[in-house]
Amino acid sequence: MSEASDREEKPPPPNWILRHPAVSYQQMKSLEIEDSAQVHAAFLVFMDLTEVRQWKEVSCVKSPELQVILLEGREKEGAAVHTVLPLPVHRSLSHKSIRHVLDRGFPMLLCAVASDSTLVYQRMTDGLVTPDPPAGPFQDLGRRQHRKRRQKP
């Protein structure tokens, strides 16, 4: 095997330029959302989902009623489609807005985007959700303290 063949790179996949982030940003801008901060937030979340979290089939959809860009994608191949609502932290949401997105029928994530590009994801549901039990050493500590109090006369 020659040294030149060791350095050969694989050819890019077909239509690779259509999946480039700059193309996705141009698609988002073409949706004509009035709030440029929301477009920027949507692009940051899009980049996080596709490049960092490796989500599949991520696409952007305009919500004309809310004047926002929603992202739809799958956490992994064959998983259910999720809707992600990217929202700059300075923008508020009404109950009606949340209801509108939840009525789309997909599991929903709200992603708050801070001015320093920090992203915080929250799963949103229609109703109450049982939380995961707390993790860490404090779990047992509380039970032991409760037992000690019961044992004292």
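List of remarks:
- Listed by position, the strands (runs of 3 or more DSSP E) inside the range 20-122 whose residues that are under 25 Å from ASP132 (Cα atoms) number at least 3 are 81-88, 108-113.
- On the stretch given as the range 76-89, residues that are surrounded by 10 or more Cβ atoms within 10 Å (Cβ to Cβ) and either touching a helix residue (DSSP H, G or I) at 6+ places or on another chain (Cβ under 8 Å) or over 15 Å from LEU49 (Cα atoms) (or both) total 7.
- Residues of the range 56-81 classified as touching a strand residue (DSSP E or B) at 6+ places or on another chain (Cβ under 6 Å), touching a residue at least 24 places away in the same chain (Cβ under 8 Å) and under 15 Å from CYS111 (Cβ atoms), total: 7
- In the range 84-102, the residues that are free of Cβ contacts under 8 Å to residues at least 40 places away in the same chain, more than 12 Å from SER63 (Cα to Cα) and not hydrophobic (A, V, I, L, M, F, W, C): SER92, SER94, HIS95, LYS96, ARG99
- All of (1) farther than 18 Å from GLU34 by Cα; (2) at pLDDT below 95; (3) open to solvent by less than 50 Å² (accessible area, probe 1.4 Å) hold for CYS111 with one exception: (2).
- The residues on offer are SER36, SER30, and the sole one that is closer than 14 Å to VAL113 by Cα and open to solvent by 70 Å² or more (accessible area, probe 1.4 Å) is SER36.
The values are calculated or read from the model by the stated rules, or taken from the named source; none is laboratory data. All figures in this text were calculated on a predicted structure; none of them were measured in a lab. Because the Cβ atoms are built from the backbone with ideal geometry, glycine has one as well, and the counts that use them run over all protein chains shown. Accessible surface is based on the protein model in full, side chains and every heavy atom, while ligands, DNA and RNA are left aside. Shrake-Rupley method; radii C 1.70, N 1.55, O 1.52, S 1.80 Å.
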